[in-house]
Each structure stands twice: as structure tokens, then as C-alpha cells.
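Novice: The structure under discussion is supplied below as C-alpha cells; questions concerning it will follow.
Please treat every number below as a calculation from the coordinates, not as lab data. This is a predicted model, so every value here is computed, not measured. Glycine also receives a Cβ, built like all others from the backbone with ideal geometry; neighbour counts cover every protein chain displayed.
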Amino acid sequence: MRTIKFLFLAVLLCVIASSCNNKSITNLEQDVKKSIQETLNEKNINANINDVKLVNESGNKYTGIVYATDEGESIEMNISLIYDGEGYIWKIESVRNK
């Protein structure tokens, strides 16, 4: 009986950890959105970053899509990102008009 309780608690902790990880991805998406917008502003590019969606590929590597608007035109950009839990490096891989 003790083993079953231990296994149940272990599974419960894994589920809680997974749900917390999703929340941190949401925070990471918001931070990256802000970082991209600031970079565009510094380069006098008038595009507006509307949203960033990331997926954890493996370990500390993420990929996703950046949704933007430039002169009224919708744009999607593929992004790759490495995140070590404290800082991140992002790179726009490709741009396509929607």
C-alpha cells in the first residue's frame, strides 16, 4: 500500500511540474515578444509584434512562430530559441507574408 501511495504522489508531482512548465512557456513567449519588438524599434523598423507562440523541441531548444503586422500586412516569422532558465537567445529563421 505504501508503494502505491508513493507512486501516486510521484505521478501527481510530475503532472504539477508539467503544468508549471506550460506557464513558464507563456512567460517566455511574452518576454521574447517584448525583446523582438524592442530590437525592431532600435533598428527603426515599424513592424508591430502581435504574438509569439513557442514549442519546446527538446531540452533548452524551442521553435515557434512570431505573428507581426508591417504596414497593415500580416507577417509570420519562424523563430528558434535557446533558453537556459534565466536568459535566452532568439533567431528569426524565415519570414512569410500571410
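Novice: How many of the residues in region 45-66 are assigned to a strand (DSSP E or B) and in contact with a helix residue (DSSP H, G or I) (Cβ under 9 Å, 6 or more places away or on another chain)? Give the derivation first.
Specialist: Restricting attention to region 45-66, the residues satisfying the condition of being assigned to a strand (DSSP E or B) are 48-58, 61-66.
Keeping just the survivors that are in contact with a helix residue (DSSP H, G or I) (Cβ under 9 Å, 6 or more places away or on another chain) gives 48-56, 62, 64, 66.
Total meeting the criteria: 12.
Novice: Next question. Restricting attention to region 67-87, and to residues there that are in a strand (DSSP E or B), touching a residue at least 24 places away in the same chain (Cβ under 8 Å) and of a type outside the set (A, V, I, L, M), which single residue is farthest from Lys98 (Cα to Cα)?
Specialist: Ranking the qualifying residues of region 67-87, first place goes to Tyr83.
Novice: Name every residue in region 54-91 that is of a type in the set (Val, Ile, Thr) and surrounded by 13 or more Cβ atoms within 10 Å (Cβ to Cβ), in order of residue number.
Specialist: Of everything in region 54-91, those that are of a type in the set (Val, Ile, Thr) and surrounded by 13 or more Cβ atoms within 10 Å (Cβ to Cβ) turn out to be Thr63, Ile65, Val66, Thr69, Ile75, Ile79, Ile82.
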